[in-house]
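Encoded as structure tokens, the structure appears first; notes follow it.
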Amino acid sequence: MTTVGIGMVGHAFMGRAHSQAWRSVGPFFDPPLTPVMTALAGRDAGRTAAAARALGWASAETDWKELLRRDDVQLVDVCTPGDSHAEIAVAALDAGKHVLCEKPLANTVAEAEAMVAAAERARERGVRSMVGFNYRRVPAVTLARRLVAEGRIGTVRQIRAQYLQDWLSDPESPHTWRLDRDRAGSGALGDIGAHIIDTVQFVTGHALAGVTALTETFTHERPLPGGGTAPVTVDDAALFLARTGGGALATFEATRVASGRKNSLRFEVSGSAGALSFDLESLNELWLYDATEDAATAGFRRIVVTEDVHPYAGRWWPPGHLLGYEHTFTHQMADLLTAIAGGTDPRPSFADGLRVQRVLAAVERSAAGGGGWTPVEPTPGSTVEGNA
């Protein structure tokens, strides 16, 4: 097989990002499998057909189940709200389709466990699955992972992670599906907190072992676009402390009401021999502190992560020509296609997604119980290894 037919479900924000990635991965990465953008599925026939034309899909379906019946679709890309992830992904895997599923993997641990079971059944037949934590594939983040693994900052001791947005700071911001627990699972915690959980575990190689948490909803009702209001049934902000299985301490903050912060995913990792710092709003930069340098000149130094020797960067532009958010999805597709062609398991796996889901569940249990220490259930088969 030299091509793989893609069927994608959903065409809003994530659908647009994934479409761009499927269009660009071939010309820039020359993967061993060429993706064919075969069919786009959505509920509204007119909107889905228009999106298919605009985004480069060859055909449109109004029922995602039709993708499973098509012989020209070998991979299903799930870009829907979390309440449908499990149903679509399990059915696709059982039908013999490879699956890429957006994060968080599901809305509940039980759903994620069912998805992992389906992935394990499918794997025995050579069918692969991956969850889309795209920030692993920011070149600077992948470089940070490499430097930690090489021992450049010594033993990891402390981790500080934040994901700060402000699009819900205004109480009059309209209600969306992301504010409905039945559809989204949780609020800032699952939407963006899942990203920093996965990113920290990926960069440090440490899995979170337990948490103590607080969550808060500041605006309990928001206007509907067509008039009236609807209740907000998820958190606006989540903060928690954690201890890793490797003995490090960590602090996490996820909020969608941090005025003035648009999309600031930040982390700093302090080790016995140095430190690393990153902010998504300057995603081409990684800051490195080497504690072994002479104290007279030691300090954090900026690494512009655009050189040919840096992860992914050599496939794009000359050094210093910056990459952006959209490129992380292209990197994700390149790694997935390479893994499928090579018969290997892509990362992060559904088991890795379940590990994040169990952290989210522990945070919610802790917050509901007044912030008490809550262990994170271990996830057999998950890994804190790299992207592939």
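The values are calculated or read from the model by the stated rules, or taken from the named source; none is laboratory data. The shown structure was predicted, so the numbers you read here are calculated from the model rather than taken from an experiment. Glycine gets a Cβ as well: all are built from the backbone with ideal geometry, and neighbour counts include every protein chain shown. In case anyone asks, the SASA skips ligands and DNA or RNA and just uses the protein heavy atoms, side chains included. Shrake-Rupley method; radii C 1.70, N 1.55, O 1.52, S 1.80 Å.
Relative to the Cα centre, the charge distribution of segment 284-377, modelled as +1 at Lys and Arg Cβ and -1 at Asp and Glu Cβ, gives a dipole magnitude of about 300 debye. Rolling a 1.4 angstrom probe over the chain with all protein chains present gives an accessible area of which 51% lies on carbon and sulfur atoms.
Shape analysis of the chain yields a ratio of the Cα radius of gyration to the Kirkwood radius, Rg/Rh, of 0.96. Ordered from highest to lowest accessible area with the whole protein assembly present and a 1.4 Å probe, 121, 43 read as 43, 121. Counting Lys and Arg as +1 and Asp and Glu as -1 over every other residue whose Cβ lies under 13 Å from the Cβ of residue 14, the net charge comes to -1.
What is the sum of charges, Lys and Arg at +1 and Asp and Glu at -1, for the other residues whose Cβ falls under 13 Å from the Cβ of residue 214?
Every neighbour counted, the sum reads -4.
What is the calculated FRET efficiency for residue 50 to residue 377, with r their C-beta to C-beta distance and R₀ = 30 Å, to the nearest 0.05? With R0 = 30 Å, the Cβ-Cβ based efficiency is 0.10.
Ligands, DNA and RNA aside, residue 113 has an accessible area near 80 Å² when probed at 1.4 Å. Remark: segment 14-65 carries a charge dipole of roughly 160 debye about the Cα centre, counting +1 on each Lys and Arg Cβ and -1 on each Asp and Glu Cβ.
With 0.36 nm allotted per residue and the present C-alpha distance subtracted, the residue 94-residue 216 stretch has 40.0 nm of extension available.
For every helix of n ≥ 4 consecutive DSSP H residues, a contribution of -39,500 (n - 2.57) applies; sum these over the chain, divide by its total residues, and give [θ] at 222 nm rounded to the nearest 500 deg cm²/dmol.
On the way: 10 runs with 121 residues, N = 388.
Theoretical 222 nm ellipticity from helices: -9500 deg cm²/dmol.
Mind checking segment 142-243 for GluC sites (Glu not before Pro) that DSSP puts in a loop (not H, G, I, E or B) and that have at most 14 other Cβ atoms within 10 Å? Sparse-neighbourhood loop GluC sites (Glu not before Pro): 150, 172. Just to verify a number: FRET efficiency for residue 121 and residue 295, C-beta to C-beta distance, R0 = 45 Å, to 0.05? The formula returns an efficiency of 0.20 here. With N the number of residues in segment 297-346, Rg(Cα) / (2.2 N^0.38 Å) evaluates to 1.48. Relative protection proxy for 65-75, 16-26, from highest mean packing down: 16-26, 65-75 (other beta-carbon atoms within 10 angstrom). Ordering 207, 341, 59 by the projection of their Cα atoms onto the charge dipole of the chain, which places +1 on the Cβ of Lys and Arg and -1 on the Cβ of Asp and Glu, puts 341 at the extreme positive end. Can you tell me, using C-alpha contacts under 8 Å and at least 6 residues apart, the relative contact order of the chain as a whole percent? So the answer I get is 19 percent. In the distance distribution for segment 151-216, Cα-Cα pairs more than 16 Å apart total 59 percent. This model, with +1 at the C-beta of Lys and Arg and -1 at the C-beta of Asp and Glu, gives the chain a dipole about its Cα centre of some 340 debye.
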